[in-house]
1. What is the spin-label model distance, in nm, from Phe189 to Glu240 if the labels are put 7 Å beyond Cα along the C-beta direction?
2. Give me the Å³ per residue figure for the convex hull around the C-alpha atoms of the stretch 75-157.
3. Normalised by the residues of the stretch 174-246, what does the relative contact order come to in percent, with Cα pairs under 8 Å and at least six apart?
4. With each run of n ≥ 4 DSSP H residues scored as -39500 (n - 2.57), what mean residue ellipticity at 222 nm is computed for the chain after dividing by its residue count and rounding to the nearest 500 deg cm²/dmol?
5. Amide H of Ile178: which non-local residues (sequence gap of 5 or more, or other chain) have their own amide H closer than 5 Å, using H built in the peptide plane?
6. Taking K and R as +1 and D and E as -1, what net charge do the other residues with C-beta under 13 Å from the C-beta of Leu71 add up to?
7. Cα-based Rg (one decimal) and Dmax (whole number) for the stretch 115-223, in Å?
8. Give the distance, in whole Å, between the Cα centre of the stretch 125-143 and the Cα centre of the stretch 202-225.
Amino acid sequence: MKKQKIFITGAGSGLGKIAAIKLARRGHKVYASVQYESQISSINLIAKAEKLDLIAIKLDILLKEDREIILNYDIDAFIVNSAIGDSGSVCEIDINKIKNVFETNVFCNIETIQLALAHMIKQKHKGRIIIISSLVGRIPIKFLSPYCASKFALEGFATCLREELNMLQNCDIDVVIIEPGAYATGFNFENINKKYVWMEQGSYFKNILPQIKKQDKIIWKFLEQKNLNSIINKYIKAVESSNPHKRYTAPWWQAIGVQIGRIFGM
């Protein structure tokens, strides 16, 4: 297996952090970018204790000067992992909440991809862009529209990017999408609970909020997977496979559910 230079955004917590550590343990050189300075120390402690080629970098993708740091690195695989979420009913959610999600999940992520590609295309070497989407980027969930819609948009950009890069001569760059389902990292409940902060104050749905809360609790406790291995393995396959799939999904049973839903027009 060829040792690769991997840059991953959003590695300060959750799946991004675990994937960065796992990839470094497999012998790759990993640049793990994090949003906050406070997130650097825990990664560096693990790197030092295990003698890993793992370097934590402060990079807030919302800041232009931070994003441009990417230009300083020679990258074989760029993993677009940064994401935030929000929730609420489409008919009344503050439009600025939607804009904030799109700013991170779509616009700033696309800008980081452009920066990573600038070096890959110029050098005309084999490279890989790995974009972390979501199964809800193919079938949305009610009251989670800001996050779902942002992932739908990211999927569209990813597909277009793949087809466009295929037209460039002497440039071998793969574009891979990873679609995680529901995993118990804390991310899902953090986002689905955001809507209650303002919907409890006044909403078209105020009278049925207890029912919605109950449904949320049941559905997400059923869906969320505590074991993260199935999705972390997709990060590894997306990086290491000599002939990667266009799309990786996990857990398998949620992915099948999405496929069935799409067949029936959901």
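The values are calculated or read from the model by the stated rules, or taken from the named source; none is laboratory data. These figures come from a predicted structure and were not determined experimentally. Using ideal geometry, Cβ is built from the backbone for each residue, glycine included, and neighbour counts are taken over all protein chains shown. Only protein heavy atoms, including side chains, enter the accessible area calculation; ligands, DNA and RNA are left aside. Shrake-Rupley method; radii C 1.70, N 1.55, O 1.52, S 1.80 Å.
1. Inter-label distance under the simple model: 3.2 nm.
2. On the way: hull volume 6.5 nm³, N = 83.
Output value, Cα hull per residue: 79 Å³.
3. With pairs under 8 Å counted, the relative contact order is 55 percent.
4. On the way: 11 runs with 122 residues, N = 266.
Result for the chain, helices only: -14000 deg cm²/dmol.
5. For Ile178, the qualifying residues are Ile131, Ile132, Ser133, Tyr248.
6. Values: positive: Lys64, Arg67, Lys122; negative: Glu65, Asp66, Glu68, Asp74, Glu111.
Here the charged neighbours net out to -2.
7. Answer for the stretch 115-223, Rg first and Dmax second: 19.1, 60 Å.
8. Spelled out, the Cα-based centre of one part sits 25 Å from the other.
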